1. Can you find a residue in the stretch 70-86 that is at pLDDT below 75 and surrounded by fewer than 17 Cβ atoms within 10 Å (Cβ to Cβ)?
2. Being at pLDDT 85 or above and either assigned to a loop (DSSP other than H, G, I, E, B) or surrounded by fewer than 10 Cβ atoms within 10 Å (Cβ to Cβ) (or both), is that true of even one residue in the stretch 18-39?
3. Tell me, which helices (runs of 4 or more DSSP H) wholly within the stretch 130-186 include 3 or more residues that are under 22 Å from the mean Cα position of the chain (by Cα)?
4. Based on what the data block shows, is Arg169 more than 15 Å from the ligand (Cβ to nearest atom) and within 25 Å of Arg75 (Cβ to Cβ)?
5. Identify, please: which residue in the stretch 217-245 is in contact with a Leu (Cβ under 6 Å, 6 or more places away or on another chain) and aliphatic (A, V, I, L, M) and is, among those, surrounded by the fewest Cβ atoms within 10 Å (Cβ to Cβ)?
6. Among the residues of the stretch 360-394, which ones are in a loop (DSSP other than H, G, I, E, B) and more than 11 Å from the ligand (Cβ to nearest atom)?
7. Scan the stretch 63-97 for residues that are polar (S, T, N, Q) and part of a strand (DSSP E or B) and jot them down.
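The values are calculated or read from the model by the stated rules, or taken from the named source; none is laboratory data. Keep in mind the model is a prediction, meaning the values are calculated, not measured. Please note: Cβ atoms are built from the backbone with ideal geometry, for glycine as well, and neighbour counts cover all protein chains shown.
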Amino acid sequence: MKLLILATLTISSLLFPFTFLNFLFCSLLALSLNFWLIPGGFAWRNHHRSSANLPGPSGWPLLGTLPQMGPLAHRNLAAIAHSFKATRLMSFSLGTTRAIISSHPDTAKQILCGSAFSDRPIKQSARLMMFERAIGFAPNGVYWRNLRRIAANHMFSPRRISDLEGLRREVGVEMTEEMSRNMTIDGVVRLREVLQKHTLKNIIESVFGSDFKTVRKNQLSEMVREGYELIAMFNWEDHFPVSFLDFGGVKRKCHELAGRVSVAVGQIVEERKRDKNEAKNDFLSALLTLPKEDQLNDSDMVAVLWEMIFRGTDTIAILLEWIMGRMILHPEIQAKAREEIDTCVGCNRHVRDSDIPNLPYLQAIVKEVLRLHPPGPLLSWARLAIHDVHVDKVLIPAGTTAMVNMWAISHDPSIWKDPWTFRPERFIEDDMSIMGSDLRLAPFGAGRRACPGRALGLATVHLWLATFLQRFEWVPCSTKPVNLSECLKLSLEMKKALECCVVSR
Ligand code: HEM
């Protein structure tokens with residue numbers, strides 16, 4: 001017995017340091033879990049009491065919800081909000097970034113249409129590529145308001161959109177000719193290539209005029225493509241204070257690209273300033289002839305022109321690719337749209353902008369595609385609270401990033417009947433505006449920072465869609481069926497570029 005007691009005492013004295021360490025470890029773990037495991041995660045640690053009613057995932061230590069975002073963040077965030085019963089409003093952390101997301105029209109309206117969320121959090125890559133001095137990322141204030149007013153008057157006004165109709169029509173016809181050539185030579189249309197090339201031409205000529213050399217177009221096209229890659233890349237610096245690092249050389253590449261853009265666009269501006277021959281009807285000329293008090297300095301002008309080209313290219317091409325994919329998948333809907341065009345326009349003349357109001361089914365198709373495949377499922381770029389504000393009676397502190405999950409709203413079965421079904425008729429039975437007044441479907445955002453290019457974008461998409469359907473029957477390629485898988489970069493693209501066949505009518 002004595003021996004047993006002696007053995008026990010010896011073992012426990014030997015184990016004491018381990019027991020103590022174990023105790024210390026468990027206490028530290030409990031303390032740190034208490035620190036990390038708060039609703040919304042670590043970035044909310046100083047605010048979770050004042051915003052106590054806000055549910056959300058605690059996420060990972062330091063990383064927050066970043067690992068759960070995945071490549072299709074809109075779907076994952078919708079699923080997380082659903083599991084936390086937080087569709088109205090959910091808090092979460094992206095590294096050290098404190099964020100909220102709305103997946104409901106009521107809270108979306110409060111965020112987008114109130115005055116509190118009128119800034120945007122700017123990504124490092126966007127800042128380096130000069131977008132801070134352009135409309136999309138300029139902080140709320142006199143400069144941004146001035147830019148919006150100038151763009152509204154000289155780029156997006158109804159008069160300007162109508163002035164550009166000839167160019168849009170010409171580009172639409174050029175595309176159909178290229179598609180015919182593709183069919184004859186290759187037996188297939190690689191739609192993405194055709195759309196990207198011609199959308200760029202369309203926006204470049206709207207901004208800089210038509211006498212623009214092909215070499216320059218190609219140069220700008222290459223820069224836009226590079227810019228997309230860079231801005232879509234994940235950058236640790238956007239969520240952690242690690243500005244001294246440059247993972248993947250993103251910063252270096254952005255600097256380099258910004259330099260090339262400044263030289264290329266700067267040269268165009270200089271040449272136009274020297275060319276005193278004739279007044280041209282394009283955005284650049286409008287910027288150069290602004291009244292003195294509105295005039296932009298050269299570097300700001302470069303930033304604004306660069307943004308127009310950058311933004312005006314991909315959204316339209318991506319939306320049309322989704323639309324044509326849907327047209328091929330639903331031949332009966334395609335036939336109905338064509339019948340409408342045949343009745344209202346016929347086959348002997350080109351479609352015009354003035355025909356579009358007489359084509360409600362065609363407009364319904366565009367709305368239905370924007371509902372199912374919004375190019376900006378999280379409304380492209382988020383908003384930033386400039387002061388403390390209440391959303392749904394919960395206090396949201398200044399500096400919080402706010403997102404709206406438009407994809408989740410437009411797929412919500414409590415808002416939309418059969419939300420996964422492609423049925424344009426729903427907008428014939430019960431029409432609605434998609435320009436930002438009804439948050440059940442606001443693919444262009446809403447409020448003071450809503451997309452200023454929405455009318456121009458829609459006019460372009462409607463005209464080109466009508467042209468494509470008037471000219472061809474669209475059928476699948478026997479080897480490449482339409483694949484609706486998504487890929488979220490800056491915009492929500494089709495993962496597999498659409499390849500299809502067209503049959504002349
Ligand atoms: C189908 C076409 C388009 C879609 C789906 C789209 C979508 C969007 C969305 C969702 C926003 C954010 C709105 C918000 O925060 O509430 C936005 C902003 C913006 N868009 Fe568009 N857009 C399209 C076409 C265009 C075009 C053609 C241009 C210009 C040529 C353009 C220029 C801009 C600019 C400058 C902003 C920033 C506005 C600001 O922050 O004040 N967009 N767009």
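1. Start the filter on the stretch 70-86 by keeping residues that are at pLDDT below 75, which leaves none.
No - not one qualifying residue is present in the stretch 70-86.
2. Applying the first criterion (at pLDDT 85 or above) to the stretch 18-39 yields 39.
Narrowing the set further to residues that are either assigned to a loop (DSSP other than H, G, I, E, B) or surrounded by fewer than 10 Cβ atoms within 10 Å (Cβ to Cβ) (or both) leaves 39.
The answer is yes, given that some residue of the stretch 18-39 is at pLDDT 85 or above and either assigned to a loop (DSSP other than H, G, I, E, B) or surrounded by fewer than 10 Cβ atoms within 10 Å (Cβ to Cβ) (or both).
3. Of the helices (runs of 4 or more DSSP H) lying wholly inside the stretch 130-186, those with at least 3 residues that are under 22 Å from the mean Cα position of the chain (by Cα) span 142-154.
4. Values: more than 15 Å from the ligand (Cβ to nearest atom): yes; within 25 Å of Arg75 (Cβ to Cβ): no.
For Arg169, the condition - more than 15 Å from the ligand (Cβ to nearest atom) and within 25 Å of Arg75 (Cβ to Cβ) - is not met.
5. Going through the qualifying residues, I end up with Ala232.
6. Looking only at the stretch 360-394, we keep the residues that are in a loop (DSSP other than H, G, I, E, B), and these are 373-382, 385-388, 392-393.
Listed by number, the residues that qualify are Ala385, Ile386, His387, Asp388, Asp392, Lys393.
7. The answer is Ser91, Ser93, Thr97.
One line per residue, one yes/no per condition, for (1) buried (at least 17 other Cβ atoms within 10 Å of the Cβ); (2) of a type outside the set (D, E, K, R); (3) touching a Lys or Arg at 6+ places or on another chain (Cβ under 9 Å):
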residue	(1), (2), (3)
Ala382	yes, yes, yes
Ala385	yes, yes, no
Thr421	no, yes, no
Asp431	no, no, yes
